[in-house]
1. In the set L69, L112, L126, L120, which member is in contact with a strand residue (DSSP E or B) (Cβ under 7 Å, 6 or more places away or on another chain), farther than 22 Å from I176 by Cα and of a type in the set (A, V, I, L, M, F, W, C)?
2. Identify all residues within region 184-220 that are within 22 Å of the chain's Cα centre (by Cα), of a type in the set (A, V, I, L, M, F, W, C), surrounded by fewer than 17 Cβ atoms within 10 Å (Cβ to Cβ) and assigned to a loop (DSSP other than H, G, I, E, B); write none if there are none.
3. Give the residues of region 142-181 that are hydrophobic (A, V, I, L, M, F, W, C) and either within 21 Å of R105 (Cα to Cα) or not in a strand (DSSP E or B) (or both), sorted by residue number.
4. Limited to region 162-197, what total is found for residues that are farther than 18 Å from K102 by Cβ, at pLDDT below 95 and not small (G, A, S)?
5. Can you name the number of the only condition in (1) on the phi < 0 side of the Ramachandran plot; (2) part of a loop (DSSP other than H, G, I, E, B); (3) not β-branched (V, I, T) that N137 fails?
6. Please indicate, with yes or no, whether at least one residue in region 71-81 is among the polar types (S, T, N, Q), in contact with a Lys or Arg (Cβ under 7 Å, 6 or more places away or on another chain) and not in a loop (DSSP other than H, G, I, E, B).
7. Could you list, ordered by first residue, the pairs with Cβ atoms under 6 Å in which the first is in region 19-34 and closer than 18 Å to I3 by Cα and at pLDDT 85 or above and the second is surrounded by 10 or more Cβ atoms within 10 Å (Cβ to Cβ) and among the basic types (K, R), at least 6 apart or interchain?
8. Restricting to region 95-125, name every residue that is at pLDDT 95 or above and either outside any strand (DSSP E or B) or aromatic (F, W, Y) (or both).
Amino acid sequence: MKIIVAVLLCLLPTNIVRWIFLLFNSKKYKIERGCHIGFSFVFVDKLLMRSSANIGHLNYINTKSLNMLGGAKIGSLNYCKGLFYVKMAQNSRMNHTNKVSKSGRSYRISTLFLGKNVNLNVGQVLDMTDDITILDNTVLAGMETHIWTHSFYVSKSSGDVARIDKSVNIGRNCYIGSRCTILPGIRISDGVTVGAQVCVSKDLEQSGLYVSQPFRFLSFDSDEKISSLGTPIHENIYRIER
């Protein structure tokens, strides 16, 4: 059944596929009006797309389920494969060339949850060995941030290997800069800004700005900074002259 659905979604217009699902009264596959799926391969056991959810071209999605609420969007050239659920809240976005995958040795079904207005920008790598939760209005900006949910201990005497799986939780209104590495088990509180190329190896419990070289905390109030910028040149765009 999953293969048949994938072929239909890839080759037929979305509205026709939606009517086919309605005709057969499918409980596992539902696409609402206003949704669109481009030329993409979508192999899932369960699909739910609410109003205006959108999947672009040349994506490969092979997961247990895909649940996209109103306005959620998957761009193009994304790779999602493994034994996990994908849940995207209203207006969340997975833009382009992101890789979301899982270790081959799986003992449980994990979950990727993207809250409202979450934005995964370009070329991010998410390891779905365990759960990843990213809450409302958080941005993985720039390119090539890695989020890991498993690591290994290697015995120094026998060479035996132990894998450790830990979920990652990122709060609301956070900004993660380019090429960061977030290690297994990390929890990032609301209102945190992480500078580019930071290795986040401990929980970030206090709202503010964290940068590396060396890794340290800087007191930072984003609302105060925004209010000091003056008048935007266009909507929420500001130009700072030197």
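The values are calculated or read from the model by the stated rules, or taken from the named source; none is laboratory data. For clarity, every value in this text was computed on a predicted model and none was experimentally measured. Neighbour counts are summed over all protein chains in view; Cβ atoms, including those assigned to glycine, are modelled from backbone coordinates with ideal geometry.
1. Testing whether each residue is in contact with a strand residue (DSSP E or B) (Cβ under 7 Å, 6 or more places away or on another chain), farther than 22 Å from I176 by Cα and of a type in the set (A, V, I, L, M, F, W, C) leaves just L69.
2. Scanning region 184-220 gives a single hit, A196.
3. First pass over region 142-181, keeping only residues hydrophobic (A, V, I, L, M, F, W, C): 143, 147-148, 152, 154, 161-162, 164, 168, 170, 174, 176, 180.
Of everything in region 142-181, those that are hydrophobic (A, V, I, L, M, F, W, C) and either within 21 Å of R105 (Cα to Cα) or not in a strand (DSSP E or B) (or both) turn out to be I147, W148, F152, V154, V161, A162, I164, V168, C174, C180.
4. Of the residues in region 162-197, 1 are farther than 18 Å from K102 by Cβ, at pLDDT below 95 and not small (G, A, S).
5. (1)
6. Initial filter on region 71-81 (among the polar types (S, T, N, Q)): 76, 78.
This time we only want the ones that are in contact with a Lys or Arg (Cβ under 7 Å, 6 or more places away or on another chain), so: none.
No, that holds for no residue.
7. K28/K46; I31/R18
8. T97, N98, F113, G115, K116, N117, V118, G123, Q124
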